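Okay, so here's the structure we're looking at.
The values are calculated or read from the model by the stated rules, or taken from the named source; none is laboratory data. As the structure is a computational prediction, the values presented were derived from the model and not from experiment. Reconstructed Cβ throughout: ideal geometry from the backbone, glycine too, with neighbour counts over all protein chains shown.
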Amino acid sequence: MKHLVLSILLLIEMHSFVVFCQTRQTNTTGSDLAADVPFRMKKLDANNQISSVPLHFYVHSSGCFGCNNELTDIKVWLKNADETSFNNLLTFDTYSVQAFDSLLICRSTEDIAWGMQAFDSSGYEKNSQSTIRFTSDQNIFGTHYVDITKDYWYFTLTIPAEKLNGLDDIFDIKVNFSLNMESDQQQYFRVFRQTEDIPRIQGWYRGDMHNHTMFSQNDVEYGLPLGATKVASQKIGLDWITVTDHSSDYDNYGLTMQNNWDRLGAAVQSLNTADSSFIFIRALEASINNSNDKVVHCLLYPSPADPFCYHYFLDGGGDISSTSFSVVQALANLSVYDGFAYEAHPFAENDELSFAIGGGLWNVGDTLFPANDSAFPTFGTVSCNDLSLASDVYSEDSLFLFQKGLAGAEIWNNRTSISTTDDENNPWNVEYSSSVTPFVPMDSMDTRHHYYRFIQGLDVTDFLQQRSLKIKNSFPTVKNWKHFIGAGSDAHGSFNYSNTEMTYGILGTINDNANGKISTLAYCPEGMGHHGRNILKALKNGHTILSDGPIINLGISTDGADSTNEIFIGQDTVLTPQQLINSRLVVDSYITPEFGNLTQITLTGITEDSIFTLELPLVAHQVFDLQSVLGNLFGYIPDNHYFMIRASLRATKNYGILSTLYRRPYNRFFSITNPIWIKTSMLTSADDNTIPEEIIIKPNPVYDRFLVNLPGNKNYYVKIFDMNGRLLLEEPYSNAGVDVRKLPSGLYLATFINDKNIFRKKIIVSH
């Protein structure tokens with residue numbers, strides 16, 4: 001009888017050992033045991049001391065039948081990335097109780113309505129055999145553990161500086177979850193520490209406009225708690241995040257959808273108030289129906305005047321069940337609150353949502369763009385322009401070009417460049433096991449590659465910009481005629497890597513996407529504002545730069561100095577002849593050794609009919625005469641019509657002997673600005689092709705001094721530029737002509753300007 005009782009008790013103790021498996025975010029049925037840690041961080045803090053490392057632990061969905069976790073302890077090991085095995089266990093047995101307790105932050109608290117279990121009641125303690133041990137529960141054999149029976153349980157361990165001494169800048173972490181009567185669960189990470197902070201510009205704040213927290217909860221993916229997300233994001237180098245959890249998930253947990261929305265708002269306000277150096281903004285990734293009744297996603301942002309303005313107004317559909325909200329309806333509801341929206345991953349081949357939820361793409365619906373199954377202007381096949389369907393982008397209201405409230409498109413989404421289909425908990429293969437297939441570089445023409453998707457999205461938005469120029473120039477009063485671009489990681493927790501595309505731990509991929517891998521920099525010269533008001537203003541008005549590390553910035557100085565840009569990214573301006581003469585184009589690039597070396601800086605100009613590019617020197621700070629560089633870019637200066645310019649850069653980092661640790665020989669990085677829209681209004685503008693024949697430079701070629709017979713010969717100014725648009729000589733024109741003896745031999749552009757005319761002639765200096 002005694003043996004029978006013991007057998008029964010043993011079965012009771014083993015009740016969690018069923019078909020449910022505990023693994024990290026792999027679409028599995030049952031609970032997940034997860035750890036996470038920032039993929040990159042600055043090595044030293046503001047006090048020039050080794051920066052602590054936040055290691056987050058999260059148990060998800062432990063409340064379902066048979067899903068509880070009897071967690072006995074957690075063990076953590078650290079090693080240099082070039083070492084093949086972990087030897088030294090991370091312990092805190094020599095710490096005082098108070099000192100150990102201070103390392104444990106972002107703890108779950110008891111919340112019955114949300115199914116949250118308090119970390120503090122777990123009987124946590126330090127000892128010499130584990131990193132942290134749990135003792136709140138005990139079985140008949142005397143084994144201590146914490147019985148996690150609720151849906152959520154989590155905390156963050158702050159690994160202090162002294163435990164990081166002796167580690168290289170690239171190091172590995174091994175986490176072991178020890179479970180009573182079950183197999184241990186392991187997870188592995190690689191952390192890259194940098195000597196310099198991520199590139200920054202004064203007045204610009206780096207953030208993620210598409211990010212998921214624990215308010216995203218479905219059968220495919222989830223996010224991590226806001227507190228842990230904030231700590232990790234700050235280490236990564238972000239200043240803000242728009243929390244864009246799935247509208248389709250708000251009915252999957254909690255009491256009601258509105259209550260969950262309010263709960264998120266309260267959490268955001270609390271965290272922002274406690275520390276405004278990092279800002280959360282409550283937003284939403286809405287599941288809505290396109291013109292073909294296919295589910296698409298849209299990022300809904302509140303009004304800059306009130307970041308907590310709109311109520312939850314969607315239906316929770318769009319995951320497995322359909323949604324009743326269309327694009328038009330969602331934007332109409334949003335406009336009531338003066339909010340604004342970006343299409344989420346809208347146009348590229350691999351942007352299309354899963355067929356399992358009836359997913360689709362945003363439909364352009366324009367006969368002037370290649371139709372579905374045609375080739376993109378760059379590469380790949382169009383699938384976002386079904387000409388038999390209405391447009392999801394254009395407005396039916398003749399007063400608006402694009403739908404009211406639609407500010408732009410998040411075309412850079414999910415930075416994936418290396419991947420594996422093997423171990424979802426050890427993609428770096430940190431112990432160099434022959435049985436694990438680690439990360440390998442993705443083919444750049446793989447439709448999942450982040451840059452492939454970005455370029456296809458840029459093809460569409462460039463077309464939309466050209467259409468907008470044509471409409472604006474023909475109908476000057478049209479509203480909402482700009483269409484900005486944005487970038488977001490779309491990370492679900494995923495501080496180190498992402499395995500949300502791995503299904504049931506069997507099919508799919510693990511990739512290097514992570515929180516902060518792609519950033520949007522928002523121009524906020526007066527700071528981020530209360531609860532991110534100025535961030536929202538920048539997003540709404542396109543005062544933004546997209547970046548995955550390095551930064552390119554573009555501005556126009558109208559007063560002749562380059563210390564301050566009076567016209568900046570996202571703005572439109574009309575320049576008089578005198579303003580055009582006086583203005584300078586300022587191009588700045590920012591890069592650190594983490595991102596390698598600049599390989600290309602490009603100025604792009606877009607008119608109603610054409611796209612032009614001009615390669616600029618690889619110089620960090622460059623100032624050009626505006627009218628000259630526009631002439632070089634377009635071949636002429638469009639007159640009395642809006643056109644647009646933007647800047648972009650590329651950089652390459654070669655890893656050399658560190659290639660094995662980075663799992664690739666090199667990496668490419670990119671940054672691009674939103675445009676500046678310009679309209680010039682000149683009385684006369686002429687170049688070599690249209691200038692009157694009687695206007696002649698003599699001699700040409702010239703070796704010392706030249707003369708020119710200008711109309712009226714009154715109050716002209718002469719400027720001479722090299723072919724890169726750099727101003728080399730500037731002086732009033734006189735009957736004595738222009739002395740060019742100080743200019744090296746070569747081809748130059750001479751510009752003659754007065755209050756009525758602008759003439760340009762090419763000259764050859766030959767000494």
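Worth a mention:
- Segment 355-383 residues that are in a helix (DSSP H, G or I), paired with ones that are not acidic (Asp, Glu) (beta carbon under 7 Å, 6 or more apart): Ile357/Val295; Ile357/Gly318; Ile357/Ile320
- Of the residues Ile411, Ile357, Ile320, the single one that is under 26 Å from the mean Cα position of the chain (by Cα) and farther than 29 Å from Phe670 by Cα is Ile357.
Yes or no, residue by residue, for (1) within 27 Å of Phe669 (Cβ to Cβ); (2) buried (at least 20 other Cβ atoms within 10 Å of the Cβ):
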position: Gly560; (1), (2): no, no
position: Ser563; (1), (2): no, no
position: Asn582; (1), (2): no, no
position: Val586; (1), (2): yes, yes
position: Thr592; (1), (2): yes, no
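- Count of residues meeting criterion [of a type outside the set (Phe, Trp, Tyr) and more than 30 Å from Met41 (Cβ to Cβ)] in segment 227-262: 12
- Test for Thr421: is it within 24 Å of the chain's Cα centre (by Cα) and either farther than 20 Å from Leu299 by Cβ or assigned by TED's automatic domain parsing to the domain that holds Glu608 (or both): no
- The set of residues in segment 241-292 that are surrounded by fewer than 24 Cβ atoms within 10 Å (Cβ to Cβ) and of a type in the set (Phe, Trp, Tyr) comprises Tyr253, Trp261, Phe278.
- Which listed residue, of Asp45, Asp82, is within 25 Å of Tyr662 (Cα to Cα), free of Cβ contacts under 8 Å to residues at least 60 places away in the same chain, of a type in the set (Asp, Glu) and assigned by TED's automatic domain parsing to the domain that holds Asp168: Asp45
- Among the residues of segment 539-546, not a single one is over 21 Å from Leu464 (Cα atoms) and at pLDDT 95 or above.
- Residue match in segment 431-450 (condition: buried (at least 19 other Cβ atoms within 10 Å of the Cβ) and among the basic types (Lys, Arg)): no
- Test: residue in segment 739-750 that is out of contact with any strand residue (DSSP E or B) (no Cβ under 6 Å at 6 or more places or on another chain), over 25 Å from Leu618 (Cβ atoms) and at pLDDT below 95: yes
- Counted as qualifying within segment 512-587 are the strands (runs of 3 or more DSSP E) with 1 or more residues that are under 20 Å from the mean Cα position of the chain (by Cα), namely 519-523, 544-547, 551-557.
- Residue within segment 606-627 that is among the small types (Gly, Ala, Ser), buried (at least 20 other Cβ atoms within 10 Å of the Cβ) and outside the structural domain of Ile455 (by TED's automatic domain parsing) present: no
- Subset of segment 718-742 [surrounded by fewer than 14 Cβ atoms within 10 Å (Cβ to Cβ) and either under 25 Å from Asp755 (Cβ atoms) or in contact (Cβ under 8 Å) with a residue 24 or more places away in the chain (or both)]: Met723, Glu730, Glu731, Pro732, Ser734, Asn735, Ala736, Asp739, Arg741
- Conditions (1) part of a loop (DSSP other than H, G, I, E, B); (2) aromatic (Phe, Trp, Tyr); (3) buried (at least 16 other Cβ atoms within 10 Å of the Cβ): number failed by Phe155: (1)
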